[in-house]
1. Whole angstrom only: what separates the Cα centroid of region 61-110 from the Cα centroid of region 271-296?
2. Could you pull out the trypsin sites (Lys or Arg not before Pro) across region 608-649 that fall in loop regions by DSSP (anything but H, G, I, E, B) with no more than 10 other Cβ atoms inside 10 Å?
3. Can you pull out the GluC sites (Glu not before Pro) in region 541-599 that DSSP calls coil and that have at most 16 other Cβ atoms within 10 Å?
4. Provide the percentage of antiparallel DSSP beta bridges, counting only those with both residues in the chain; round to the nearest 5.
5. According to the square roots a ≥ b ≥ c of the eigenvalues of the Cα gyration tensor, what is the shape class of region 193-335, taking rounded for a/c under 1.5, prolate for a/b larger than b/c otherwise, and oblate for the remainder?
6. When the helix-only estimate is applied to the chain (DSSP H runs of n ≥ 4, each -39,500 (n - 2.57), divided by the residue count), what is the mean residue ellipticity at 222 nm, nearest 500 deg cm²/dmol?
7. Could you bin all the Cα-Cα distances of the chain into 20 Å bins starting at 0 and give me the percent of pairs in each, rounded to whole numbers?
8. Can you pull out the GluC sites (Glu not before Pro) in region 285-394 whose DSSP state is coil and whose Cβ has at most 16 other Cβ atoms within 10 Å?
Amino acid sequence: MSDLISVAEQTNSNRTVRGYCALCTAHCATVATIENGRVVALDADHDHPNGGVICVKGKAAPELVYHPDRLNHPLKRTRPKGDADPGWQRVSWEDALDDIANRLAAIRNQFGAKALALSKGTRSGTSVADVERWLGRFLYLFGSPNWVSTTHVCNWHKDTGFSYTFGSGIPTPDLAHSNSFLLWGHNPSSTSLILAHDIVSARSRGMKTFVIDPRRVGIGSQADMLLQPRPGTDGALALALIHCLMEESWFDAGFARQWTNGSFVLNIATNKVVREADLVANGAANRYVVWDEIKDQAVIYDPSTGCYERDNIQPALFGRRALKGKSGEEIACMPVFEKLGQIASAYAPERSERITWVPAKKVWRTALLLAHNRPVSMYMWNGLGQHTNATQTSRAIASLYALLGDYDRQGGNVTFPGLKVNDVGGKEFLPKDMAAIRIGREKKPLGPPAKPGNCTAYDIFTAILEQQPYPVKAFLNFGSNTVLSTADSRRAREAMMALELGVAADLFMTPTAELCDYVLPATSFLEMASITTSFEHRAAGKTHMQYRPAVVQPAGERRSDTWIIFELAKRLGFGEKFWDGDVEAGYAYELEPTGVTLTQLKESPGGISLPAQPAYQKYAGTSKDGAVRGFATPSKKVELYCETFAAHGYPALPEYIEPALSPVSRPDIAAEYPLVLTNAKFTTFIHSQQRALPGLRKISPQPTADIHPETAALYGIINKEWMMVESPRGAIKVKARVTTNIVPGVICCQHGWWQDCKELELPGYNPYNSNGANPSTLIGTDSADPVSGSLPHRSYLCRVRPAA
């Protein structure tokens, strides 16, 4: 079995093992120290392209291996769900996997393959990267499209959402060559120490930092400019910055003319771009009209070639003009760029400061410094993605970055070369007609269910409880504490209890696992082998691959998620597609295009880097047929005006919409719930994990919420005393953390509290009631972003009172 190591090797008294931490997407390079057969320390590997740092969570990983509450044997429920005593019965792996496979097959026969949903943890905060590709392969071979993730409240807006403007997700910030860095809605000091380390290094050589966050924490505490907006108003702030760049001509005019579709002319009456087909009877619907300032006349742009119908033109970015339509009608037009300026002018800093709470002079100065300290790189994450207006916010920030013109330029955000490997994710096995009926796709045709292909948990719960759009009967959870990682945990519990088959593979008996029929004991990353063929955050890591050996042998009957899914695949008839259960054969197949064998990789403890030179401004190149490469959008341009959005009835240009439940949008509710509720990750724990580890729990013993001293005084809240945080949907009990680091009028909670820590005699917390500390119970799923389905975890309404 590839994820186990020999007893002889395991009992070697003193040794070190090089690897990488798999607790989150950063994959910091590590050196594990083993003494008397036990891992006693995990430290940073300084001789590695992704090395030099490790966070407190990674350093505490050895505690995971030996924690007394770890699951050690497969367990089967013998009493009905909802019973105080589930009647867990220890069973063998063979019996558990055989029964699970048989029941899955029976459900598929009766309800179809689509009745299975598979939920995985997030790559950004679990070890699922080790197994994610194999889970997808299994699900698609089974025939189900229902792959459940948290991407709608995590990375979707920076990746897929960003791609609707640039044709790709946010590339890697080239911090080594940046003169400025814009960090928006992300605190890498708590969640991605690799990135934080590299920002600090770049700042030491003179790079300016600009941080936008309601809190003054991490990189923001020492930023050149810190803007602290009201949560959920980031879209208005982005439009304010766009206005500054346009009003003062601080934008990159050359990039805007040549590489954005800002020069496409827009029909003022319809707000749609004008096409050749609008002007001549035989014109093409996919060729666009721009105005040439040199000859003062219209010219046609063809996306298939990336060229205009004649050379030596200068596309206009401003100016109203009249075109004659094919029926002789006059079409009043303006360039898309000018229309974007009109939209942004409504949010000029002097106007928008009442919305965002950010002083106008700070916005102007930020725009000035960004424009005059290029190249600019940027990064954003889920601080922007947990709102009902998240997609349009992502579009506005992407448009702002387009105006700066540093995409794929040295010192900007660069798509660095990576390794070519065999894709084992299995998407080719899922028929297109099945992908088309993925749950949620009918309501979110451009969102996660369509691209990249993930369901939201709340849509799956509806399928379980209401059989809409069709019933889901089986639910597999791999490293996914679904009950805690979704809004409305009570409905999640109700859905889990209604399943015919629920299975959880995890390290601990989580609230999700408690509601399942089978609970399978998974290994931690230190107890299993794996490979990676890329490290995400640094250019040098993109072409670095590494085999990570198991550091110690698993206790009890723990098995890796990878082994579990390979074994289930064999039992369901997919053995041939899973190398007959040989995990290492699967790894070897992945590596084939690199020319490096698995044996060679094993013999290189720190991994192997393959040479690669970065190329910049790749969009300016040409393809084999001579066409301009451009961007991976319908127009081959950076799409300030999004063609895909227009075709689906969404606003084609970025616009600001108030959060669904805010002091502005719902003053009636704000009269009773006057504070803005948000949440944030913090340094000590990852999502709902690790609170049982004494080394970490002693740092953060209780759930807390940040509150400004002015707000605390207004409501009688005392620092370090318990308080109730109440929303229109529920209440939680947390300790007040009175701090000037949060803007007044905002309450910032933490999610993920449920687990006790027996060694420190610290309690667990009920995830469903008001004596618990689960902020997911404070919001529902009735208000969501119309494109992505994101939920308002970070912009809602609440009130506080002393708990006494």
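The values are calculated or read from the model by the stated rules, or taken from the named source; none is laboratory data. Nothing here was measured: the structure is a model prediction, and the numbers come from that model. Cβ sites come from the backbone with ideal geometry, for glycine too, and all protein chains shown count toward neighbours. The area values use the complete protein model at the heavy-atom level, side chains included, leaving out ligands, DNA and RNA. Shrake-Rupley method; radii C 1.70, N 1.55, O 1.52, S 1.80 Å.
1. Here the answer is 62 Å between Cα centres.
2. Details: sites: K618, K624, R629, K636, K637; in loops: K624, R629, K636, K637.
Here the trypsin sites (Lys or Arg not before Pro) that fit, given the DSSP loop and packing criteria, are K624.
3. Values: sites: E557, E567, E576, E584, E590; in loops: E557.
Loop-located and lightly packed - E557.
4. Numbers: 61 of 102 bridges.
That works out to approximately 60 percent antiparallel.
5. Values: a/c = 3.09, a/b = 2.39, b/c = 1.29.
Prolate shape, in that a/c is at least 1.5 and a/b is the bigger ratio.
6. Values: 25 runs with 205 residues, N = 804.
About -7000 deg cm²/dmol.
7. 15, 48, 32, 5, 0
8. Details: sites: E293, E309, E329, E330, E338, E350, E353; in loops: E293, E309, E329.
Those that pass, being in a loop and sparsely packed, are E293, E309, E329.
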